[in-house]
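S.K.: First the structure, then my questions, so here it is.
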Amino acid sequence: MEPCPYEENMEEKSKEILPSKQKDLSLRRLKVIPSDVLVDTTILTLNLDRNKLKGVSGINRLQELRVLILSKNELTDFPMEIQSLIHLEKLELNQNKIQTIPTGIFLNLKDLKHLKLNNNRILQLPTDLGSCSKLQYLNLSHNLFIDFPDCILKIKSLKEVYLENNKLQKLPVELFLDMSLKKFKASCNHLREPPDEVCVGGLKQIRSYFLQLQETQGREEKRVKVIFIGASLAGKTTISRSLTQGHVVPVSLKERTVGIEISEFHIKDLTFLFWDFAGHLEYYGTHHVFITPYALVILVVNLHRYQVADEQNFTDLVGFWIKNLVMRVPNSVVMMVGTHTDLCQPGQMEEKSKDIDEKITRMLDEHKANLNHFINNLEERQDSELYLEQADKLRELSNCTVHILKVFPIRGIHYNDIEKLQNHILNTVCKEELFPNIIKMLPPIYKIVENAILEVKQNEETPQHGMMDLDHLLNEVMLKTNRDLDKNLLKDILRYLHRIGLIVWYEDIKQLLNTVFLKPAFLIAVFKMLVRHDLYDQLGAIPAEVLISERAFKRDVLKWQETLQSKAMIRFQAIRVLVKHQLQTLCLQDSEDLFHDLIGHGSQNGKLLSLLMHFQICMSVRNMKKLNPNALEFVPGNTWFVKDSQKELCYLFPTYLNNFMEVAERWGGDHHDDIHIRMYLSPRIPEGFFQRLMVKSCSFYSTHWVEKDNFLLVNNGKPLLIKQFNQWADSYLEMRSRKPKGTNDFQSLWDFMLTILSIAERLCKEWPGLFYYIRSPCRTIGCPDELEWPDMERTGFIYNMIKEDFMTCETCCNTVNMELLFPKASGHSKDPCLPPTIHVTNYGIASIVSHQ
């Protein structure tokens, strides 16, 4: 979790305490508190983090204690002795195994301001916690709360409350309207009131939600997002359209989905939003943008194509999709649907369905066993206290449950089968154990505005593409509802509708802040203008009149195709031509205005490239020789003025990269004495992960070269090679640089690597089911051993922990200089996870300035 304002304030105050009054006994493998500590009654701060304590006998003697850190120990009972520490201001008991808290302890802790109890097994709080009238920070995340603890409502001093990853269904209105909270988080619960989609909007939106409920009684809404995935030509679109239209809708090869199709479907009092995802891997890079939790995932498998004895066939048609879902939405519900059964031989349908079910079960069992294997390895280490964060993450993942339903076979050409599937879907989503938050309590104004937006969307005067200015939409909604609607309330409702997938509004993209996509399907059409499996052919199919309108010729098309094929780059002129051609094909009204809106003008990116660059699907690339040598030094966020026109700009799309040898030639081959580390990702590297890492990293460092599975960065003359090795049983990123000539160069090299690691770490957070760990290979020739990195915390834990100068490998027994294995330096960055300050010279050479 990122540091919070109040938490940082407490840390600053603790620094003011004289060193003689502070005692740091963290990482000592202590099972009891040393007696010499317990007799020093002048201690004000005691840090016992990461030990083996099961109790704190004798701590009640430290009557002057202000700060007590007992996090990451082995406590199963809340220590009764703490009630004697009447001057305590900060108490941390997070990441233990505490189940209950006895009554009466908090009655004596009148000065307590900061309490961390996250990552335990607590079901409820004692009522006397409400007597802590000075408490400002309370963290109860990752526990087992089903009901909100009412005692919290008595603590009017609270500023920050964290309740993530519990099982709460309802939050009290008093928490938000009667208290002055500054920060609140409650994601990953089973919330119905307010719904998770409202909570994600933050305190302001939650308060607005409850204010609306105070004015009028809420109403229940039942809505489910349904995502269709699977390999190309499996029958996803046929099923989706047949369910929506109420009869069998055959789909020809030419009509197959390009990108994503969106439709709405109603059964009884349930509303379904269908998202039909294309099966080509070229499109999968954009899928992560739209795959969200709490959806029903329908994985469609062509049983005619499925081969029982072919493991690769299972991987392509089933395994690939399941493993990526496990990483992206680890608690998802997946309905398996087998199609083309009419083409199977007698008995094959049953045999293939059974084989798929068994292989999925085996695959998930292996995944669970691997997680438990990792946990056991970490717990059995002699220095296990260094790996507690990793162990906690693994336990969290092992508790996730992917519900995969047995294969439901259909023929697809008979509506009787479609009706059976419809009933199967309805029965599934109505099971509370699978969809605990399907019912959402909403203020009536939410539904009123939603209906008004749907009317605006269907209005003949609304542009076919459905893109609308925010202020224009506000006026239209007020006309439809005959209400004086506050703009902030409209924004709150738009955020909710965006998160359920009804509309799209990217308020975090500057160029799109005032644009609402009333028709998400058009947004998908925008994506697929440049992200599609047949882009090369699309370039070749551009009519001559479109080329002429952009002052281009057929010979230019050949250059564009060659550039795409060899360098995965698309010239800006080619993008203009492609977009203009696509818009003409769609026969949209006001296509000329729309064209300029999507493409932009001058140095300002249009909506299309703003979207693609925001989601790291592409990045801009300039010819460095063409940069203005008289330009001022580049500052992130400011415009870099160049001499040449926008047409000289190209955009790199990593998804189209091939393995040409430019990076290998620049790198010159691996050397034995290279400094290199490996970041392992389990169960595998997610599809599109490496391409996004490439875009984000190359955006920081302007001197770079790229290939499909590796890229090379240069910082202050130091090269850093990043490769991906993506196999089911052994997936990792390798970062490799040349050994520095002088000892003073190690720190800047490790800072360079840590910057890329921090980018990769932040990407990992978008795949909650992904586990990663870092290792440094032994430097002895022929030794296969690797040395594990301890937890990477925001305070520079790696630097602080590696104190020795040498390490002995347990396999080859050779001693290795620690600087070759870990980032051991004296003047290290305080926070390796912070993005670096990048400066770029007029010649395009990037330099990194660490946060000191």
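The values are calculated or read from the model by the stated rules, or taken from the named source; none is laboratory data. As the structure is a computational prediction, the values presented were derived from the model and not from experiment. Here the Cβ is made from the backbone with ideal geometry for all residues, glycine too, and neighbour counts use every protein chain on show. In case anyone asks, the SASA skips ligands and DNA or RNA and just uses the protein heavy atoms, side chains included. Shrake-Rupley method; radii C 1.70, N 1.55, O 1.52, S 1.80 Å.
S.K.: Which of (1) under 30 Å from C400 (Cβ atoms); (2) at pLDDT 95 or above; (3) open to solvent by 20 Å² or more (accessible area, probe 1.4 Å) does I86 not meet, given it meets every other one?
M.R.: Only one criterion is unmet by I86, namely (1).
S.K.: In this structure, does N108 turn out to be open to solvent by less than 20 Å² (accessible area, probe 1.4 Å) and not aliphatic (A, V, I, L, M)?
M.R.: Criteria not met by N108.
S.K.: For segment 719-753: of the residues being assigned to a strand (DSSP E or B) and surrounded by fewer than 16 Cβ atoms within 10 Å (Cβ to Cβ), which is modelled with the lowest pLDDT?
M.R.: Q727
S.K.: Next question. Look at segment 553-573 and say how many of its residues are of a type in the set (S, T, Y) and out of contact with any strand residue (DSSP E or B) (no Cβ under 9 Å at 6 or more places or on another chain).
M.R.: Result for segment 553-573: 1.
S.K.: Go through (1) of a type outside the set (A, V, I, L, M, F, W, C); (2) closer than 16 Å to Q724 by Cβ; (3) modelled with pLDDT of 90 or more; (4) more than 24 Å from the chain's Cα centre (by Cα) and name the single condition N659 misses.
M.R.: Just one mismatch for N659, condition (3).
S.K.: Is it the case that segment 330-339 has a residue that's touching a Lys or Arg at 6+ places or on another chain (Cβ under 6 Å), at pLDDT below 95 and among the β-branched types (V, I, T)?
M.R.: No, every residue in segment 330-339 fails to be touching a Lys or Arg at 6+ places or on another chain (Cβ under 6 Å), at pLDDT below 95 and among the β-branched types (V, I, T).
S.K.: In segment 141-161, which residues are in a strand (DSSP E or B) and surrounded by fewer than 20 Cβ atoms within 10 Å (Cβ to Cβ)?
M.R.: Within segment 141-161, just E160 meets the criteria.
S.K.: Further question: Looking only at segment 540-558, decide whether some residue is of a type in the set (F, W, Y) and open to solvent by less than 40 Å² (accessible area, probe 1.4 Å).
M.R.: The answer is no; no qualifying residue exists.
S.K.: Next up: Pick from segment 698-714 the residues that are farther than 18 Å from A664 by Cα and polar (S, T, N, Q): which of them is modelled with the lowest pLDDT?
M.R.: The extreme case among them is S702.
S.K.: Turning to a different aspect of this structure: Could you please find all residues in segment 301-316 being over 15 Å from K354 (Cα atoms) and open to solvent by less than 10 Å² (accessible area, probe 1.4 Å)?
M.R.: none
S.K.: Pick from segment 457-473 the residues that are assigned to a helix (DSSP H, G or I) and not polar (S, T, N, Q): which of them is modelled with the lowest pLDDT?
M.R.: Residue satisfying both the conditions and the ranking: K457.
S.K.: Could you figure out which of (1) modelled with pLDDT under 90; (2) in contact with an Asp or Glu (Cβ under 9 Å, 6 or more places away or on another chain); (3) part of a strand (DSSP E or B) isn't true of I798?
M.R.: Only one criterion in (1) modelled with pLDDT under 90; (2) in contact with an Asp or Glu (Cβ under 9 Å, 6 or more places away or on another chain); (3) part of a strand (DSSP E or B) is unmet by I798, namely (3).
S.K.: Another one. Restricting attention to segment 330-363, report how many residues are of a type outside the set (D, E, K, R) and touching a strand residue (DSSP E or B) at 6+ places or on another chain (Cβ under 7 Å).
M.R.: Qualifying residue count, segment 330-363: 14.
S.K.: Give I685, I774, I756 a once-over and let me know the one that is within 17 Å of L820 (Cβ to Cβ), modelled with pLDDT of 90 or more and of a type outside the set (D, E).
M.R.: Criteria check complete, one pass: I774.
S.K.: In segment 155-167, which residue that is basic (K, R) and in contact with a Leu (Cβ under 8 Å, 6 or more places away or on another chain) is farthest from K183 (Cα to Cα)?
M.R.: Residue satisfying both the conditions and the ranking: K167.
S.K.: Of the conditions (1) touching a Lys or Arg at 6+ places or on another chain (Cβ under 7 Å); (2) open to solvent by 30 Å² or more (accessible area, probe 1.4 Å); (3) under 14 Å from M569 (Cα atoms), L657 satisfies every one except a single condition; which number is it?
M.R.: The number of the failed condition is (2).
S.K.: Just name the residue that is nearest to E550 (Cα to Cα) out of those in segment 566-610 that are among the basic types (K, R) and part of a helix (DSSP H, G or I).
M.R.: The residue in question is R576.
S.K.: What do you reckon, is L494 surrounded by fewer than 17 Cβ atoms within 10 Å (Cβ to Cβ), assigned to a helix (DSSP H, G or I) and of a type in the set (A, V, I, L, M, F, W, C)?
M.R.: In short, no.
S.K.: Between a first residue in segment 694-718 that is more than 15 Å from T755 (Cα to Cα) and a second residue that is of a type in the set (K, R) and outside any strand (DSSP E or B), which pairs have beta carbons less than 8 Å apart while being 6 or more apart in sequence or on different chains?
M.R.: Here the result reads W705/R666, each pair linking segment 694-718 to a residue that is of a type in the set (K, R) and outside any strand (DSSP E or B).
S.K.: Of all residues in segment 31-50, which are closer than 26 Å to E379 by Cβ, out of contact with any helix residue (DSSP H, G or I) (no Cβ under 7 Å at 6 or more places or on another chain) and assigned to a loop (DSSP other than H, G, I, E, B)?
M.R.: Listed by number, the residues that qualify are K31, V32, P34, L48, D49.
S.K.: Test each condition in (1) more than 29 Å from V297 (Cα to Cα); (2) in a helix (DSSP H, G or I); (3) out of contact with any helix residue (DSSP H, G or I) (no Cβ under 8 Å at 6 or more places or on another chain) for N488 and report the one that comes out false.
M.R.: (3)
S.K.: Could you tell me whether segment 194-212 includes any residue that is farther than 21 Å from N96 by Cα, open to solvent by less than 10 Å² (accessible area, probe 1.4 Å), touching a strand residue (DSSP E or B) at 6+ places or on another chain (Cβ under 7 Å) and touching a residue at least 40 places away in the same chain (Cβ under 8 Å)?
M.R.: Looking through segment 194-212, at least one residue is farther than 21 Å from N96 by Cα, open to solvent by less than 10 Å² (accessible area, probe 1.4 Å), touching a strand residue (DSSP E or B) at 6+ places or on another chain (Cβ under 7 Å) and touching a residue at least 40 places away in the same chain (Cβ under 8 Å).
S.K.: If you check P19, P3, which single one turns out to be surrounded by fewer than 16 Cβ atoms within 10 Å (Cβ to Cβ), under 30 Å from S187 (Cα atoms) and modelled with pLDDT under 95?
M.R.: None of the other options fit; the residue is P3.
S.K.: Pairs under 8 Å by beta carbon, first residue closer than 12 Å to L158 by Cα and open to solvent by 10 Å² or more (accessible area, probe 1.4 Å) in segment 119-140, partner part of a loop (DSSP other than H, G, I, E, B) and hydroxyl-bearing (S, T, Y), six or more apart or different chains?
M.R.: S133/S157; K134/S157; Q136/S157
S.K.: A follow-up question, please. If the requirement is being under 30 Å from the mean Cα position of the chain (by Cα), within 26 Å of V300 (Cα to Cα) and modelled with pLDDT of 90 or more, which of these qualifies: I425, I438?
M.R.: Residue meeting the stated conditions: I425.
S.K.: Here's something else I'd like to know. Among the residues of segment 416-444, how many are over 30 Å from L213 (Cα atoms), open to solvent by 80 Å² or more (accessible area, probe 1.4 Å) and of a type in the set (A, V, I, L, M, F, W, C)?
M.R.: 0
Each row is one residue, and each column tells you yes or no for (1) surrounded by fewer than 19 Cβ atoms within 10 Å (Cβ to Cβ); (2) in contact (Cβ under 8 Å) with a residue 12 or more places away in the chain; (3) farther than 28 Å from L518 by Cβ.
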| site | (1), (2), (3) |
| --- | --- |
| N165 | no, yes, yes |
| Q169 | yes, yes, yes |
| P172 | yes, yes, yes |
| D178 | yes, yes, yes |
| E215 | yes, yes, no |
| I227 | no, yes, no |
| G230 | no, yes, yes |
| K236 | no, yes, no |
| H266 | yes, no, no |
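S.K.: Run down E396, E380, E366 and say which single residue is open to solvent by 60 Å² or more (accessible area, probe 1.4 Å) and within 19 Å of E761 (Cβ to Cβ).
M.R.: When all the criteria are applied, what remains is E396.
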